[in-house]
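Take a look at this one; I'll ask things after.
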Amino acid sequence: MHEDISGVYVVEMDDGSIRLATRNLAPGIKVYGETLLQHGGVELRLWDAYRSKLAAAFMKGLKTSPLRDGIKVLYLGVASGTTCSHVSDIVGNDGRVYGVEFSPRVMREFLERVAKYRRNVIPILADARLPTEYAHLVEEVDVIYQDVAQPYQSKILVDNADFYLKKGGWAFLAIKARSIDVTKEPSEVYKREVETLKDGGFEIVHVVHLEPYDVDHAMILARRT
Ligand SMILES: C[S@@+](CC[C@H](N)C(=O)[O-])C[C@H]1O[C@@H](n2cnc3c(N)ncnc32)[C@H](O)[C@@H]1O
């Protein structure tokens with residue numbers, strides 16, 4: 001188990017390389033073709049840092065994570081569930097992951113690959129820019145994870161936090177810099193997004209650039225005070 005990150009395993013492969021993994025909450029089921037390993041009676045799923053920005057952030061040295069067994073997470077932009085499935089593994093059956101996705105086609109994949117096998121995942125077909133639309137489905141959460149690749153990402157996060165994030169709660173914000181503003185260099189985009197988060201009551205705890213796993217992306221970890 002990772003000595004700093006709850007629920008995350010560090011696996012040394014035969015060639016000496018280091019990979020991350022989580023304990024498979026749906027034994028025998030793969031989500032995106034990942035390798036399953038048996039380790040001391042536990043089934044682990046390798047977590048591909050080239051496919052998941054959260055794994056990339058951990059591989060790039062992020063040592064703080066609010067994710068742990070039993071907590072509730074609002075996940076904005078679940079797509080077909082690659083990262084969400086590992087978050088589901090970490091929070092376990094006593095936790096919840098509310099997964100919001102606005103593309104019906106992508107949501108169908110999410111249902112088939114992830115939600116169908118995991119009772120801690122609640123799929124929500126909705127637009128994350130309109131947080132009141134899922135108020136009847138989501139309760140107060142400990143963490144918001146956001147990866148929507150949309151302009152005004154920080155504003156979307158702050159608006160959702162106003163409704164759903166508990167006091168002292170945490171947020172991960174994956175920034176696809178060039179999707180926000182093609183005319184600006186990533187560093188300017190990061191700065192602007194960070195300012196919006198601060199104005200929305202967040203303290204920035206870490207900003208991790210994700211290259212080489214994900215070029216031009218960063219992961220922001222923030223806490224609402
Ligand atoms: C980069 S992908 C997410 C990848 C995913 N987080 C993962 O790591 O497995 C972004 C997703 O956000 C969805 N999305 C974009 N804007 C959205 C919005 N306003 N509300 C809900 N989903 C949105 C897109 O349809 C897409 O599936």
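The values are calculated or read from the model by the stated rules, or taken from the named source; none is laboratory data. Worth saying up front: this structure is predicted, and the values here are computed from it rather than measured. Positions of Cβ are generated from backbone atoms using ideal geometry, with glycine treated the same way; all protein chains shown enter the neighbour counts. Heavy atoms of the whole protein, side chains included, go into the accessibility calculation; ligands, DNA and RNA do not. Shrake-Rupley method; radii C 1.70, N 1.55, O 1.52, S 1.80 Å.
State yes or no: is D142 open to solvent by 40 Å² or more (accessible area, probe 1.4 Å), at pLDDT 85 or above and of a type outside the set (G, A, S)? Reasoning before the result, please.
On the way: open to solvent by 40 Å² or more (accessible area, probe 1.4 Å): no; at pLDDT 85 or above: yes; of a type outside the set (G, A, S): yes.
No, not satisfied.
Considering only the range 4-37, state which residues are in contact with a Lys or Arg (Cβ under 9 Å, 6 or more places away or on another chain), free of Cβ contacts under 8 Å to residues at least 40 places away in the same chain and farther than 21 Å from V78 by Cβ.
Y9, V10, V11, E12, M13, T35, L36, L37
Can you tell me how many residues in the range 63-112 are at pLDDT 95 or above and away from the ligand (no atom under 13 Å from the Cβ)? Quick ask: steps written out before the conclusion?
Step one: list which residues in the range 63-112 are at pLDDT 95 or above, which gives 65-112.
Next cut, away from the ligand (no atom under 13 Å from the Cβ) only: 65-72, 89-96, 111-112.
Adding up the residues that qualify gives 18.
Please specify each residue of the range 127-137 satisfying the condition of being within 11 Å of L74 (Cβ to Cβ) and either open to solvent by 30 Å² or more (accessible area, probe 1.4 Å) or not in a helix (DSSP H, G or I) (or both). Write out each step before concluding.
Keep residues of the range 127-137 that are within 11 Å of L74 (Cβ to Cβ), which gives 128, 131, 134, 137.
Within the range 127-137, A128, L137 qualify.
Step by step: first the residues of the range 146-163, then only those that are part of a helix (DSSP H, G or I) and open to solvent by 50 Å² or more (accessible area, probe 1.4 Å), then the one that is farthest from the ligand (Cβ to nearest atom). Which residue is that? So that I can check it myself, show each step before the final result.
Of the range 146-163, the ones part of a helix (DSSP H, G or I) are 153-163.
Next cut, open to solvent by 50 Å² or more (accessible area, probe 1.4 Å) only: 155, 162-163.
Details: K155: 11, D162: 16, F163: 14 Å.
The residue in question is D162.
Residues of the range 89-112 being open to solvent by less than 90 Å² (accessible area, probe 1.4 Å) and among the charged types (D, E, K, R), which ones?
So in the range 89-112, the residues open to solvent by less than 90 Å² (accessible area, probe 1.4 Å) come out as 89-93, 95-101, 103-104, 106-107, 109-111.
Selection gives D89, R96, E101, E109.
Just name the residue that is modelled with the highest pLDDT out of those in the range 177-207 that are open to solvent by 90 Å² or more (accessible area, probe 1.4 Å) and not in a helix (DSSP H, G or I).
Among those that are open to solvent by 90 Å² or more (accessible area, probe 1.4 Å) and not in a helix (DSSP H, G or I), it is E203.
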